[in-house]
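The values are calculated or read from the model by the stated rules, or taken from the named source; none is laboratory data. Everything quoted here is computed from the prediction, not taken from an experiment. Cβ sites come from the backbone with ideal geometry, for glycine too, and all protein chains shown count toward neighbours.
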Amino acid sequence: FSFLSHACLMNNVLRSVITGCGVPAIKPQTIGSKIVNGQNAISGSWPWQVSLQLPSGFHFCGGSLINQNWVLTAAHCAVVVGYHRVILGEHDRGSSVEPIQVKLVITHPLYSSTTINNDIALLKLSSPVTLTPRISPVCLAPSTISILPGTRCFTTGWGQTATTTSPLILQQTGIPIISPAVCSQIWCQSTITDAMICAGGAGSSSCMCCCCSISNVCFPQGDSGGPLVCERSGVWSLVGSVSWGRSNCDTRYPVVYARISQLRSWIDTTIASN
């Protein structure tokens, strides 16, 4: 993807080095990565990946660590303080990882469950996370970012890869960014707002099976809230958070994500005031 200027790019790279965001200690395998249905990720290569779980350990949504105190996820995941828990540094859902409690949930004030617009929420953790090679934050896409259609980005998660299966190992998928106009056309003229970004489709999307169908639109089961990240000069930025898609793993349809750049001002203001 392209930033507005070379100077802006250099500033973001420098800031990522200073803050430690967006640079995995364990490099992900992106060259030759499968497109359709994804593949197992290298353990620890997406260190900002979050698993949101029930007390029983059941994984129900994804998320992204954006600093030592905050996780970003989808508003429709409806995280409840004192009930749901955050798991960091997990690769194999069959392993035992110590959960972290959530002490505050802030949903975007303009989130609409009808239009699924502004579908993000911020989770403040009960205590700061200790950063390790397997646990580190992703950079947030700046409000000035410009991402060209066709740019190959990556989405990750433990969501279902078929109608009845959910992988134990973290999956990754390389998918192209789709323009809002094309996305709207594929989705039968559904409204793609400025707070949404689309990726995948035309057989290139990861297989994100869904539940909770609402007028033929549904939430990706297990993938919701998870990251869509794009890389530039070795630095990964969070450009989207999984929001909604199509049931029955139909890869002709793009997945729609909450657009981080459009929501960046609210994210920054909310974190600063809490």
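Screening Leu65 with (1) under 19 Å from the mean Cα position of the chain (by Cα); (2) more than 20 Å from Ser166 (Cβ to Cβ); (3) surrounded by fewer than 21 Cβ atoms within 10 Å (Cβ to Cβ) gives one miss only, at (3). Residues that are assigned to a strand (DSSP E or B), surrounded by fewer than 19 Cβ atoms within 10 Å (Cβ to Cβ) and touching a residue at least 40 places away in the same chain (Cβ under 8 Å) within region 85-115 comprise Asp92, Leu104, Ile106, listed in sequence order. Take Ile145 and tell me if it is farther than 16 Å from Trp244 by Cα, touching a His at 6+ places or on another chain (Cβ under 7 Å) and assigned by TED's automatic domain parsing to the domain that holds Cys230. Considered against the rule, which asks whether it is farther than 16 Å from Trp244 by Cα, touching a His at 6+ places or on another chain (Cβ under 7 Å) and assigned by TED's automatic domain parsing to the domain that holds Cys230, Ile145 comes out as no. Just to be sure before I move on: is Ile175 among the β-branched types (Val, Ile, Thr) and within 17 Å of the chain's Cα centre (by Cα) in the structure I sent? Criteria met by Ile175. Selection of region 253-274 for residues being touching a residue at least 40 places away in the same chain (Cβ under 8 Å) and outside any helix (DSSP H, G or I) yields Tyr253, Pro254, Val255, Val256, Tyr257, Ala258, Arg259, Asn274.
Could you list all residues from region 179-198 that are crowded, with 20+ Cβ neighbours inside 10 Å and modelled with pLDDT of 95 or more? Ala195, Met196, Ile197, Cys198 - these are the residues of region 179-198 that are crowded, with 20+ Cβ neighbours inside 10 Å and modelled with pLDDT of 95 or more. Among the criteria (1) surrounded by fewer than 19 Cβ atoms within 10 Å (Cβ to Cβ); (2) under 12 Å from Val50 (Cα atoms), the one Lys124 does not fulfil is (2). Of the strands (runs of 3 or more DSSP E) entirely within region 24-84, those holding at least 1 residues that are touching a Pro at 6+ places or on another chain (Cβ under 7 Å) and under 20 Å from Arg264 (Cβ atoms) occupy 59-65.
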